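One structure below.
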Amino acid sequence: MNAFTRESAFRIVIVGHVDHGKSTLVGRLLHETGTLPVGKVESLRKVCEKRGMPFEWAFVMDALQAERDQGITIDTAQILFHTDRRPYVIIDAPGHKEFLKNMITGAASADAAVLVIDAIEGVQEQSRRHGYLLHLLGLRQLAVVVNKMDAVGYAQDRFEEVATEIRAYLADIGVTPTQVIPAAARHGDNIVAQSGKMPWYHGPTVTQVLDGFAPRVESTSLPLRFPVQDVFKFDHRRIVAGRVESGRIRVGDRLLFSPSGKTARVSSIETWNAPAAPSSAGAGQSIGIMLDEQVFIERGQIASHVEDAPVGTDVFRARLFWLGRAPLSVGRRYKMKLVTAEHWVTVEAIERVIDVNDLAAVPTEWVERNAVAEVVFRSRGQVALDEFVDDPKTGRFVLVDNFDIVGGGVISMAGFPDRRCRPDSADNDLTAVAHQVTTADRNRANGHASGILWLTGLSGSGKSTIAMELERRLFAKGRQVFVLDGDNVRQGLCADLGFSAEDRAENIRRVGEVAHLFAQSGMIVIAAFISPYRADRDRVRAIAPGLFHEIHVKAPLELCQRRDPKGLYLKARQGAIAEFTGVSAPYEPPLRPELEIDTGRLSIEESVDLIMRYIDRESVRGEAVGMAHPDVSL
């Protein structure tokens, strides 16, 4: 074993319900492969005799004194062993519900897993929970061992019953086990050699299944992700240190550091204890890099190639396993650790809690300990990340509360726009044209100020109807006014866009720019768009903060569905429309709109009256958008 190291070994995690025989399986496996040091078993037998305890193969792995006293594994134990094919590190994870955090810690670093199920007790809640968490952690190589077959007389029908149940459960969460193996770990049946006591089983043994797992493949084919661990300063040199989590980095590459947007080229790659500086480095390597210019880089930023950056967002979905003693609830704030970065995030919504027994979705206002839930988080600022399905290394996180790890999960951007981080430098060849006629001149000529009245709300809330009536009334008063409506814009300006989260974000970006140009020309622009994402609306506001007025056209989802003027909700419920706001995609209501209109209790006439009063009030206060003089009103 001297030639084998933990770093080069294939990592297997052994999980399962308490007392189903995980540690016994591992202990016997080590014995059968001749991995145990000489005299190890004899010394353990003497310890057991001294204490008046029966010898258990589990004691080979139970490293803590408390475990021998209590007969349970309370921490992950790791040990090297090998077959003729390759070396392994076996991670024996605790099965007791109270030590679920330790099990997750062990499983998170594994390449494959073995789920142990007692042939007598069958599939238990903790068996299902462990299977679900393995799936959540991204482990796709899984074998199942139906242990203690000696206790059921090596009965084939009992094995088939347990195997059928666990296969069905795993299939429901999208996992197909490599093999389901009947075994009696205490006696070594089907561990290394085929057991003569189960002639009806013709499949591989446990070691044959382990040897059949696909070897670990470093993520060099994925986009470059190089999280910054630290920046070291030596004289005039500044070395950015970290571990390449995926992809490959080369001298001369132009890097984007997200979410800051700083860019620079790699001038050299530094490694430790190397005879010469390498020209490239790949996934799994810890390196330092020097840049061709002095840019401010700090721990937690993620370096990538400019053309293939991570997502930049302040809101994301997560499938979360919760380990905190206090329940997770809406509004609570936690520290999120994502590779080397730390961000404060707030629970914006708990969409559902998943019952690991039957995978049913349970709506709730909090998440109890050891539960799995789908949660929406919002961060204080931009976070650089990837969806877990795209890159597990930068799509997985843990939550910390008062220095304790209270949860962890994997990231999804389903329903939210996939905004890639961008360089912070604009094209220096572009120069804005200065008009000879200013917006103030146009306002004086029109006799009123210009501006953007942005109506946002669910489909069916009444935005377009209100917008058209508001346009009619303002035009009757001599105002220069025009409506930009979602359906109308998509027939021309945005005809090339679909309805994905990214296309919706681009749709609003284009409309915001057009609305801004209209307002600069002296027009009152009424924009009626669902515009479901706060970030998109805030981006439109940021173009010209003094011109933008956000009006939330509010109505309960149930009422919008009953109205359903275009039949869209019905189509979405039938699956004909994907990612439909309010059904399968989120709507983020404004936090502080200039005006809120509840069309659940107000008629169209009353709603328009409210907006007209708002316009008059703002004009009197002299705060109407684009005011040239106090006597020029919106």
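The values are calculated or read from the model by the stated rules, or taken from the named source; none is laboratory data. Just so it is clear, the structure is predicted and the values come from calculations on it, not from any experiment. Cβ coordinates were reconstructed from backbone atoms using ideal geometry, including for glycine residues, and neighbour counts include every protein chain displayed.
Out of N370, N402, I need the residue that is under 17 Å from R333 (Cβ atoms) and out of contact with any Pro (no Cβ under 7 Å at 6 or more places or on another chain). Which one?
Values: N370 fails: under 17 Å from R333 (Cβ atoms).
Going through N370, N402 in turn, the sole match is N402.
Could you go through the range 517-534 and let me know if any residue there is assigned to a helix (DSSP H, G or I) and of a type in the set (V, I, T).
Looking only at the range 517-534, we keep the residues that are assigned to a helix (DSSP H, G or I), and these are 517-520, 534.
Imposing the further condition that a residue be of a type in the set (V, I, T) reduces the set to none.
No, the conditions are met nowhere in the range 517-534.
Of the conditions (1) under 34 Å from the mean Cα position of the chain (by Cα); (2) part of a loop (DSSP other than H, G, I, E, B), R479 fails just one. Which one is it?
(1)
From the residues in the range 262-276 that are exposed (fewer than 12 other Cβ atoms within 10 Å of the Cβ) and hydrophobic (A, V, I, L, M, F, W, C), which one is nearest to A384 (Cα to Cα)? Can you show your working first?
Just the residues of the range 262-276 that are exposed (fewer than 12 other Cβ atoms within 10 Å of the Cβ), to begin with: 272-276.
Narrowing further to those that are hydrophobic (A, V, I, L, M, F, W, C): 272, 274, 276.
Numbers: W272: 28, A274: 32, A276: 33 Å.
The qualifying residue nearest to A384 (Cα to Cα) is W272.
Can you tell me which residue within the range 355-377, out of those that are surrounded by fewer than 18 Cβ atoms within 10 Å (Cβ to Cβ) and not in a loop (DSSP other than H, G, I, E, B), is modelled with the highest pLDDT?
W366
Filter the range 430-461 down to the residues that are among the small types (G, A, S) and farther than 23 Å from I611 by Cα, then identify the one that is surrounded by the most Cβ atoms within 10 Å (Cβ to Cβ). Explain how you work it out, then say what you get.
Here is the first cut: in the range 430-461, the ones among the small types (G, A, S) are 432, 434, 440, 445, 447, 449-451, 457, 459-461.
In the following step, the residues that additionally are farther than 23 Å from I611 by Cα were identified as 432, 434, 440, 445.
Numbers: A432: 5, A434: 6, A440: 16, A445: 13.
Filtering the range 430-461 for residues that are among the small types (G, A, S) and farther than 23 Å from I611 by Cα, the one surrounded by the most Cβ atoms within 10 Å (Cβ to Cβ) comes out as A440.
For the range 276-338, give me every one of the strands (runs of 3 or more DSSP E) that falls completely inside it and has 1 or more residues that are under 29 Å from L133 (Cβ atoms).
Numbers: elements: 280-282, 286-291, 302-305, 311-322, 333-338.
Strands (runs of 3 or more DSSP E) meeting the threshold: 286-291, 302-305, 311-322, 333-338.
Out of R248, R319, which single residue is under 30 Å from S412 (Cβ atoms) and touching a Ser or Thr at 6+ places or on another chain (Cβ under 6 Å)?
Values: R319 fails: touching a Ser or Thr at 6+ places or on another chain (Cβ under 6 Å).
None of the other options fit; the residue is R248.
Please specify each residue of the range 378-399 satisfying the condition of being buried (at least 16 other Cβ atoms within 10 Å of the Cβ) and aliphatic (A, V, I, L, M).
V383, A384, L385, V398, L399
Just wondering, is there one or more residues in the range 155-171 that are at pLDDT below 95, small (G, A, S), under 26 Å from G395 (Cβ atoms) and not in a helix (DSSP H, G or I)?
No, that holds for no residue.
If we scan the range 533-552, do we find a residue that is farther than 23 Å from L517 by Cβ and among the hydrophobic types (A, V, I, L, M, F, W, C)?
Scanning the range 533-552 turns up no residue that is farther than 23 Å from L517 by Cβ and among the hydrophobic types (A, V, I, L, M, F, W, C).
Just for strands (runs of 3 or more DSSP E) wholly inside the range 196-261: which have at least 1 residues that are in contact (Cβ under 8 Å) with a residue 60 or more places away in the chain and surrounded by 20 or more Cβ atoms within 10 Å (Cβ to Cβ)?
Details: elements: 226-234, 237-243, 248-250, 254-258.
Counting at least 1 such residues, we get 226-234, 237-243, 254-258.
Tell me, please, whether a residue that is more than 39 Å from the chain's Cα centre (by Cα) and farther than 27 Å from P87 by Cβ can be found in the range 172-194.
Of all residues in the range 172-194, those more than 39 Å from the chain's Cα centre (by Cα) come to 184, 186-190, 192-194.
Checking the rest, the ones that are also farther than 27 Å from P87 by Cβ come to none.
There is no residue in the range 172-194 that is more than 39 Å from the chain's Cα centre (by Cα) and farther than 27 Å from P87 by Cβ.
Need at least 3 residues that are of a type outside the set (S, T, Y) and either at pLDDT 90 or above or over 39 Å from the mean Cα position of the chain (by Cα) (or both) per element, so show me which strands (runs of 3 or more DSSP E) inside the range 393-472 make the cut, counting only ones lying wholly within it. Don't jump to the end; show me each part of the working.
Values: elements: 396-401, 404-412, 451-456.
Where strands (runs of 3 or more DSSP E) fall fully within the range 393-472 and carry at least 3 residues being of a type outside the set (S, T, Y) and either at pLDDT 90 or above or over 39 Å from the mean Cα position of the chain (by Cα) (or both), they are 396-401, 451-456.
I'm trying to understand the selection: among the residues of the range 295-332, which are among the basic types (K, R) and either under 17 Å from the mean Cα position of the chain (by Cα) or surrounded by fewer than 15 Cβ atoms within 10 Å (Cβ to Cβ) (or both)?
Filtering the range 295-332 for residues among the basic types (K, R) gives 299, 317, 319, 325, 332.
Scanning the range 295-332 gives R317, R319, R325.
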